[in-house]
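Trainee: Input: one structure, supplied below.
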Amino acid sequence: MKIPLTEEQYMSLAGDFIKQDIEIILKSDEYYSRYKTRKERLENNEPQVIRIRSEKYAENGGNMFKKLDSFQKVVMFFEHLRTDSSTDFSEKTFFTLKTKTIKDGIELNEEHETFVQDAQPVRKLFESTGFIKWFEKSKCAVSAYLPKKLPDGAEIVFHAELEIVNGLPYIEIEYASENNEFDTKTILKYLEEKIRDLNLDPSKRDERSWKQILSPELNS
């Protein structure tokens, strides 16, 4: 679930995030398709996401982030990370196929993802087989795991990212588990409670894809 934020909300949430163990991740996404329009992609049952993602994890980035006291300083911090060659990063690149559905207000993803040592051969494959790169986004993320206590004393843990996506502040929260410990309605109930715990309104969630948010002209 993703929710748009004001700059003030972003900084308030930053205060909650820095109480947890956080990671600073710079993500660059390239989206590919055989078709020029969303209608063609849907008609031909193409996966909604065909993506190359590069992730750069800033060493000691969490400690640096904790010192920032304004949204403008956060923006400058991420700009510095993206351009400063002296920053120590660990880097990973993934190739992903994803099919999305919405059930009971929750985005459910059937995702197939693999690590790639070098993305360039994948790009060459796309180029030689008629795929086009039709959308890109960059995401500066503060990643944390946020627990929620249940009435029986158990705990459900949500993965959250406080983000700036192509300049827009957002928060994304999801329940990610391979064990399927909870059904969809239970996840939604406690997800909405966790969002309210963060002084946010779950009804403000943005159900559009990032493509629809950032590049509405590509949705025809």
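Trainee: Sort through 138, 128 and tell me the only one that's farther than 18 Å from residue 187 by Cβ and over 15 Å from the mean Cα position of the chain (by Cα).
Mentor: 128
Trainee: Let me ask something additional. State yes or no: is residue 69 among the acidic types (Asp, Glu) and buried (at least 16 other Cβ atoms within 10 Å of the Cβ)?
Mentor: Considered against the rule, which asks whether it is among the acidic types (Asp, Glu) and buried (at least 16 other Cβ atoms within 10 Å of the Cβ), residue 69 comes out as no.
Trainee: Something else: Residue pairs, Cβ under 7 Å, 6 or more apart or interchain, first in segment 202-214 and under 23 Å from residue 189 (Cβ atoms), second at pLDDT below 85. List them.
Mentor: Short answer, once both residue conditions are applied: 207/102.
Trainee: Of the residues in segment 185-200, how many are surrounded by 11 or more Cβ atoms within 10 Å (Cβ to Cβ) and either outside any helix (DSSP H, G or I) or modelled with pLDDT under 80 (or both)?
Mentor: Matching residues across segment 185-200 total 2.
Residue by residue, here is whether (1) surrounded by 15 or more Cβ atoms within 10 Å (Cβ to Cβ); (2) within 20 Å of residue 169 (Cα to Cα) holds:
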position	(1), (2)
3	yes, yes
7	no, yes
10	yes, yes
13	yes, yes
17	yes, yes
25	yes, yes
38	yes, no
43	no, no
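The values are calculated or read from the model by the stated rules, or taken from the named source; none is laboratory data. All figures in this text were calculated on a predicted structure; none of them were measured in a lab. Please note: Cβ atoms are built from the backbone with ideal geometry, for glycine as well, and neighbour counts cover all protein chains shown.
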